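This report concerns only the one structure given below.
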Amino acid sequence: MKETTILGIYLPDRIKGARHTQKILSKYSCVIRSRLGTHELTEDVCSRQGLIILVLQGDKKIQEELEKELRDTGGVKVRNIFFNY
């Protein structure tokens with residue numbers, strides 16, 4: 001059976017937290033299959049809040065370490081969804 005984890009990361013201040021978050025994501029890149037980052041952007045607004053969606057596969061222990069390290073980062077919220085198939 002194969003398992004895929006979707007990890008959602010909410011950054012309340014993406015400008016302030018981007019460097020540290022990127023460092024963590026680079027450290028665990030071996031389990032990140034894909035990544036999507038987004039923030040509100042209009043002609044008048046470039047929001048400081050951001051959302052990153054990761055698709056994780058591979059070593060479950062490494063995935064858990066990634067999630068823990070992100071959760072230990074102040075102000076970052078992390079949610080996950082698991083798919084088994």
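Any read-out appearing in this document is the output of simple, stated calculations on the displayed coordinates, not a laboratory observation. All figures in this text were calculated on a predicted structure; none of them were measured in a lab. Quick reminder, even Gly has a Cβ in these numbers, built from the backbone with ideal geometry, and neighbours come from all protein chains shown.
Please verify whether ILE24 is part of a helix (DSSP H, G or I), over 13 Å from ILE9 (Cβ atoms) and either of a type outside the set (Val, Ile, Thr) or free of Cβ contacts under 8 Å to residues at least 60 places away in the same chain (or both), treating the condition exactly as stated.
Criteria not met by ILE24.
With the requirement that a residue be among the β-branched types (Val, Ile, Thr) and without any contact (Cβ under 8 Å) to a residue 24 or more places away in the chain, what does the range 27-52 give you? Working first, answer last.
Within the range 27-52, the first condition is being among the β-branched types (Val, Ile, Thr), and the residues that meet it are 31-32, 38, 42, 45, 52.
Scanning the range 27-52 gives THR38, THR42, VAL45.
Among the residues of the range 14-47, write down those that are surrounded by 15 or more Cβ atoms within 10 Å (Cβ to Cβ) and basic (Lys, Arg).
Within the range 14-47, just ARG14 meets the criteria.
Scan the range 44-73 residue by residue and report those that are touching a helix residue (DSSP H, G or I) at 6+ places or on another chain (Cβ under 8 Å), of a type outside the set (A, V, I, L, M) and part of a helix (DSSP H, G or I).
Matches in the range 44-73: GLN63, GLU69.
Go through the range 36-61 and report how many residues are out of contact with any Lys or Arg (no Cβ under 9 Å at 6 or more places or on another chain) and closer than 12 Å to THR5 by Cα.
Of the residues in that region, 2 qualify.
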